[in-house]
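**Q** This is the structure I want to talk about, given as structure tokens.
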Number of protein chains: 2
Amino acid sequence: MAQDVTRPSLSDALTERVLELIRAGGLRPGDRLPSARELSERFAVTTPTLREALRRLEATGAVQMRHGSGIYVGADLERVVIPNPNFRRLQADQMLQLLDARLLIEPPLAAMTARRADPADLDRLGTALDQAGRHLEGEDAELDTANRTFHRAAARASGNAVLGEVIDSLLSVHASEQREILRIFDDRARDHDEHRAILAAMKAGDAERAEELMRAHLLDVKSVIESRLT
Amino acid sequence: MAQDVTRPSLSDALTERVLELIRAGGLRPGDRLPSARELSERFAVTTPTLREALRRLEATGAVQMRHGSGIYVGADLERVVIPNPNFRRLQADQMLQLLDARLLIEPPLAAMTARRADPADLDRLGTALDQAGRHLEGEDAELDTANRTFHRAAARASGNAVLGEVIDSLLSVHASEQREILRIFDDRARDHDEHRAILAAMKAGDAERAEELMRAHLLDVKSVIESRLT
């Protein structure tokens, strides 16, 4: 029995019970769960079985296991969509489809963000751009992270959390090929200025301009990628 | 050591090695992997450790374990985004955000589908609607499945696989509350007629009309849900 790895798993039920424990306890992302020992005892299972359930939950962002510290509720528990954690390499056609997907979604979200113009959200966007500004001459990875933070935060500030998750997922793809192309051929300063102009339109509450500038910006990115791929 | 459930896991590396095995072998969704015994031997690990890695991959759709049959490459391996497998209950505000997300994405995809008008895709859409037609008086669950198949296939037929995955993920949410509301208050026949009209516009290659009809259809769904929630 122990050798039949495909048998319907105790960890299916156990995964469900851990989720119930989180939900019934009203636990939020970052909250700490009982220790592994307590969980094993509570559910009357062995450590390997508990571990199997926890690793499944970890793979999908529902829990976070910090070595030597404990088990915490993960940030992705209540999300509708998540990035595929097994995804590795973007094919050329997927790279362009990804940009087309962003082109469809991000400009209207930029308009929504401009319409809401929540001061705390706009501050966060400004902070991300200041961060990017400090890395214009520096490390690619840090500039890239700051720029993605800007796009993620702009989508989330639209007020539609589901679409925010979609954009977050699309930006989570390990697009090293895309980064490489942009590193060599893109104009970092122009890119940064475009981000600044989008934020200025949002701050001015100019929805139409925010949408138009976001579209033009993504079309710029797309044309750089497209010209190197084809 | 065996008791420290949070220690950096051997299964992290093992998960990666199973994925490498799939990729290096050029295996496609539905292809069979070596048996659990062979995998344990090849990677020199115990069954519980192998099982942990496989369950993680299963939770995210990268492999499928069929009881008594074996281990297969899963359908979601190459996807960019996946539905959150831990998601359980849609809150009222998420339900409306979900519909707004679909309203933003599905109408332009309907236009793209009409422009491409791939005969095999259009046949699939027709089959889904025939299926739905047979269940108009029947079981809710079967009608619901057929209707979702239509929306999924319409998005996929646009030619943008990434956006197809996004819509697939949004439709995978266990929206039992949404189904319940529609079951009681929606007009099944009208809903079906709207699907038929969308497909007719796609078949006629009328992108503008397909987009407009899809938008009107989703607005109908939204207004039913909205009027019951507020």
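The values are calculated or read from the model by the stated rules, or taken from the named source; none is laboratory data. All of these numbers come straight from a predicted model, not from anything done at the bench. Virtual Cβ from ideal backbone geometry, glycine too; neighbours counted across all protein chains shown. We work out accessible area using only protein heavy atoms, side chains counted, and drop any ligands, DNA or RNA first. Shrake-Rupley method; radii C 1.70, N 1.55, O 1.52, S 1.80 Å.
**Q** Can you compute the charge dipole magnitude of the protein assembly as shown about its Cα centre, using +1 on each Lys and Arg Cβ and -1 on each Asp and Glu Cβ, nothing else charged? Give it in debye, rounded to the nearest 20.
**A** The calculation lands at about 1120 debye.
**Q** Amide H to amide H under 5 Å from B:Val63: which residues, 5+ apart in sequence or cross-chain, H placed 1.01 Å off N in plane?
**A** The answer is B:Glu58, B:Gly74.
**Q** Let me ask something additional. For chain B, with a Gaussian network of springs between Cα atoms less than 10 Å apart, report the residue from B:Pro85, B:Pro107, B:Pro48 with the top mean-square fluctuation.
**A** Fluctuation is largest for B:Pro48.
**Q** Enumerate the whole-percent occupancy of each 5 Å bin, from 0 to the last occupied one, for all C-alpha pair distances of region A:104-159.
**A** Going out from 0 Å in 5 Å bins, region A:104-159 shows 4, 22, 27, 20, 15, 9, 3 percent.
**Q** Here's something else I'd like to know. Using a simple charge model, +1 on the beta-carbon of Lys and Arg, -1 on the beta-carbon of Asp and Glu, nothing else, what dipole does chain B show about its Cα centre, in debye to the nearest 20?
**A** In debye, rounded to 20, chain B gives about 680.
**Q** If one takes the longest principal axis of the Cα atoms in chain B, at what angle in degrees, from 0 to 90 and to the nearest 10, does the Cα axis of helix B:161-172 lie?
**A** Orientation of helix B:161-172: about 80 degrees from the principal axis.
**Q** Please determine, in degrees from 0 to 90 and to the nearest 10, the orientation of helix A:10-24 with respect to the longest principal axis defined by the Cα atoms of chain A, where the helix direction is its Cα long axis.
**A** 70
**Q** Sticking with this one: Take every residue in peptide A:159-171, count the Cβ atoms of other chains within 10 Å of its Cβ, and give the average of those counts.
**A** 6
**Q** Further question on the same structure: Rounded to whole Hz and in sequence order, give me ³J(HN,Hα) for region A:113-127 from the Karplus expression 6.51 cos²θ - 1.76 cosθ + 1.60, θ = phi - 60°, writing x for Gly and Pro.
**A** The phi angles translate into 4, 5, 5, 6, 6, 5, x, 5, 5, 5, 4, 4, 5, x, 4 Hz.
**Q** Follow-up. Can you list, shortest first and in nm, the gaps between the label point of B:Gly138 and those of its counterparts in the other copies, using a point 7 Å from Cα in the C-beta direction?
**A** 6.2
**Q** With a 1.4 Å probe and all protein chains in place, put A:Ile105, A:Ile181 in order of accessible area, largest first.
**A** I get A:Ile181, A:Ile105, largest accessible area first.
**Q** Using a 10 angstrom Cβ neighbour count of at most 10 plus a DSSP loop assignment to flag exposed GluC sites (Glu not before Pro), which longest range of chain A is free of such sites?
**A** A:1-136
**Q** Hand me the trypsin sites (Lys or Arg not before Pro) from region B:86-116 located in a DSSP loop with no more than 13 other Cβ atoms within 10 Å, in residue order please.
**A** In loop regions of region B:86-116 (DSSP not H, G, I, E or B), the sparsely surrounded trypsin sites (Lys or Arg not before Pro) are B:Arg89.
**Q** Per residue, how many Å² of accessible area does region A:92-229 show with a 1.4 Å probe?
**A** That works out to 44 Å² for each residue.
**Q** Quick one: the Cα spread of chain B along its three principal axes, in angstroms, biggest first?
**A** Projected onto the principal axes, the Cα atoms of chain B cover 60, 41, 31 Å.
**Q** How many Å² of accessible surface get buried when A and B come together, counting both sides, probe radius 1.4 Å, rounded to the nearest 100?
**A** It comes to approximately 5200 Å² buried between A and B.
**Q** Moving to a separate point now. Using a 1.4 angstrom probe with every protein chain in place, what is the largest-first accessible-area order of A:Val18, A:Val45?
**A** Listed by decreasing accessible area, they come as A:Val45, A:Val18.
**Q** Between A:Leu33 and residues 5 or more places away or on another chain, which pairs have amide H atoms under 5 Å apart, with H built 1.01 Å from N, and which residues are they?
**A** A:Ile71, A:Tyr72, A:Val73
**Q** Amide H neighbours of A:Ile82 under 5 Å, at least 5 residues apart or on other chains, H built in the peptide plane: list them.
**A** Here the answer is B:Ile82, B:Asn84, since their amide H atoms fall under 5 Å of that of A:Ile82.
**Q** Go through B:Ala92, B:Pro119, A:Ser227 and say which Cα lies farthest out towards the positive end of the charge dipole of the protein assembly as shown; charges sit on Cβ, +1 for Lys and Arg, -1 for Asp and Glu.
**A** Of the options given, the answer is B:Ala92.
**Q** In degrees, nearest 10, range 0 to 90: what is the angle between the Cα axis of helix A:188-203 and the longest Cα principal axis of chain A?
**A** 80
**Q** Charges on Cβ only, +1 for Lys and Arg, -1 for Asp and Glu, centred on the Cα centroid of the protein assembly as shown; of A:Ala155, A:Leu21, A:Thr47, which one is farthest towards the dipole's positive end?
**A** Result: A:Thr47, furthest along the dipole toward the positive end.
**Q** Looking only at B:Arg37, B:Arg148, B:Arg196, which one moves most when chain B is put into a Gaussian network model with springs between Cα atoms under 10 Å?
**A** B:Arg37
**Q** Can you list, shortest first in nanometers, how far A:Arg17 lies from the same residue in the other copies, with each label 7 Å from Cα toward Cβ?
**A** Spacings between copies for this position, smallest first, are 3.0 nm.
**Q** Bin width 5 Å, alpha-carbon pairs only: give the P(r) of region B:92-229 as whole percents, running from 0 to the bin holding the largest distance.
**A** 2, 11, 21, 25, 23, 13, 5, 1
**Q** Quick one: Karplus J couplings for region B:150-160, per residue in order, coefficients 6.51, -1.76, 1.60, θ = phi - 60°, nearest Hz, x for Gly and Pro?
**A** 3J(HN,Hα) across region B:150-160, in whole Hz: 4, 5, 4, 5, 5, 5, 5, 5, 5, x, 9.
**Q** If contacts are Cα pairs under 8 angstrom and at least 6 residues apart, what is the relative contact order of region A:92-229 in percent?
**A** 41
**Q** Using Cα-Cα distances under 8 Å and only pairs 6 or more residues apart, what relative contact order does chain B have, in percent?
**A** 22 percent.
**Q** Can I ask one more? About the Cα centre of region B:92-229, how large is the charge dipole given +1 on each Lys and Arg Cβ and -1 on each Asp and Glu Cβ? Please answer in debye to the nearest 20.
**A** Once rounded to the nearest 20, the dipole reads 300 debye.
**Q** Put the label 7 Å from Cα along Cα→Cβ for B:Asp220; what are its distances to the other copies, in nanometres, shortest first?
**A** 4.3
**Q** Using a 10 angstrom cutoff on alpha carbons, build the Gaussian network for chain A and name the most mobile of A:Met65, A:Met112, A:Met214.
**A** Greatest mean-square fluctuation among the candidates belongs to A:Met65.
**Q** I would also like to ask the following. Which whole-Hz couplings ³J(HN,Hα) result when phi for each residue of region B:35-48 is put into the Karplus expression 6.51 cos²θ - 1.76 cosθ + 1.60, θ = phi - 60°, listed in order with x for Gly and Pro?
**A** Here the 3J(HN,Hα) series is 5, 4, 4, 4, 5, 4, 5, 4, 9, 6, 10, 7, 4, x Hz.
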